[in-house]
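J.: Attaching a single structure in structure tokens format; questions to follow.
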Amino acid sequence: MRNTSYIFGLLFFVAIAFFSCSTDEFDLSQEDTTELEMAETEDEINLEKALSSTQWNVQSACVGSGNFTTDISNRYDYTSSKLTLFVKSSDKDINCNTSGNPRTELRGLKEFKPSDGSKHQMAVTTKVTKLKLTSGRRLILGQIFSKSDSDDFGTLSISSSGNLVAEFAGTGKKTMRTNVKAGSTVSFKMYTQNGKSTISVGTTTYSSTKSAGDTCYFKTGAYLISRLSGDEAEVEITNLSQS
């Protein structure tokens, strides 16, 4: 009898546990909330991991010099979920020695050779929170920079007319989106493979017809192609990865 009672008691607790699990499984509202929280957490981890690693540097200095022309600690603000970068045309000291254009940006420390057969990619999600551009000026959001040529090979920028434009040296340019302004969110990818470079925004892509330099790296942030009074920009990077 004792064994029979023990078995019945065990079966009773198993049934209770099974019923509880079945109830949770069909609680769709709870499941949806959990998925949303997990997605937000993953975005924060992606950004925090990228910025806390040795893959990126916040800087305004010349390529490879490692020397800042001024203290830029007041040019950016970082939390675990976003990196805010500020730049104004009046920031004449926030520039490279070979360019008078002010910028506050992330410089990828991982250098690569576009022709090595591997795919090298940067993926960015950024929100333009402030933007004022005089006609003919632009704000660069991302770059494939040729270290060997000491120049941009590929850029993605916002024009003063609100066009999001991809451009490659020696190839030309293509409008990827229109009506980009303060408040707009832009997600894009830049990558090289087998000597070919590509910029993609959603399903729209644009590729170079010429090969990039021997050694390249990625840059993203707020690079203001203007020194005219009053021009300024502010961007928030909420997701960033490099592979």
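J.: In this structure, does V124 turn out to be touching a residue at least 60 places away in the same chain (Cβ under 8 Å), among the hydrophobic types (A, V, I, L, M, F, W, C) and assigned to a strand (DSSP E or B)?
T.: Judged against the criteria, V124 is a match.
J.: Within region 133-151, count every residue that is modelled with pLDDT of 95 or more and either within 14 Å of T198 (Cβ to Cβ) or in a strand (DSSP E or B) (or both).
T.: Here the count works out to 7.
J.: Output the residue which, of all residues in region 207-243 that are surrounded by fewer than 22 Cβ atoms within 10 Å (Cβ to Cβ) and of a type in the set (K, R), is modelled with the highest pLDDT.
T.: K210
J.: Here is a list of conditions, (1) surrounded by 15 or more Cβ atoms within 10 Å (Cβ to Cβ); (2) over 18 Å from T220 (Cα atoms); (3) among the β-branched types (V, I, T), and T204 meets all of them except one; can you say which number that is?
T.: Only one criterion in (1) surrounded by 15 or more Cβ atoms within 10 Å (Cβ to Cβ); (2) over 18 Å from T220 (Cα atoms); (3) among the β-branched types (V, I, T) is unmet by T204, namely (1).
J.: Restricting attention to region 134-157, and to residues there that are free of Cβ contacts under 8 Å to residues at least 40 places away in the same chain and farther than 21 Å from V124 by Cβ, which single residue is surrounded by the fewest Cβ atoms within 10 Å (Cβ to Cβ)?
T.: S135
Conditions (1) at pLDDT 95 or above; (2) part of a strand (DSSP E or B); (3) closer than 17 Å to T129 by Cβ; (4) aromatic (F, W, Y), marked per residue:
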residue	(1), (2), (3), (4)
F153	no, yes, no, yes
S161	yes, no, no, no
V165	yes, yes, no, no
T175	yes, yes, no, no
V180	yes, no, yes, no
S187	yes, yes, yes, no
Y191	yes, yes, no, yes
S200	yes, yes, no, no
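J.: Still on this structure, I have one more. Whether any residue in region 209-222 is free of Cβ contacts under 8 Å to residues at least 60 places away in the same chain and in a strand (DSSP E or B) is what I want to check.
T.: no
J.: Next question, about the same structure. Mind listing whichever residues of region 82-100 are modelled with pLDDT under 80, among the polar types (S, T, N, Q) and closer than 22 Å to K127 by Cβ? Full working, then the answer.
T.: Within region 82-100, the first condition is being modelled with pLDDT under 80, and the residues that meet it are 89-100.
In the following step, the residues that additionally are among the polar types (S, T, N, Q) were identified as 89-90, 95, 97-99.
Passing the criteria: only S89.
The values are calculated or read from the model by the stated rules, or taken from the named source; none is laboratory data. Just so it is clear, the model here is predicted, and its values are computed rather than measured. Every residue, glycine among them, receives a Cβ derived from its backbone with ideal geometry; neighbour counts consider all protein chains shown.
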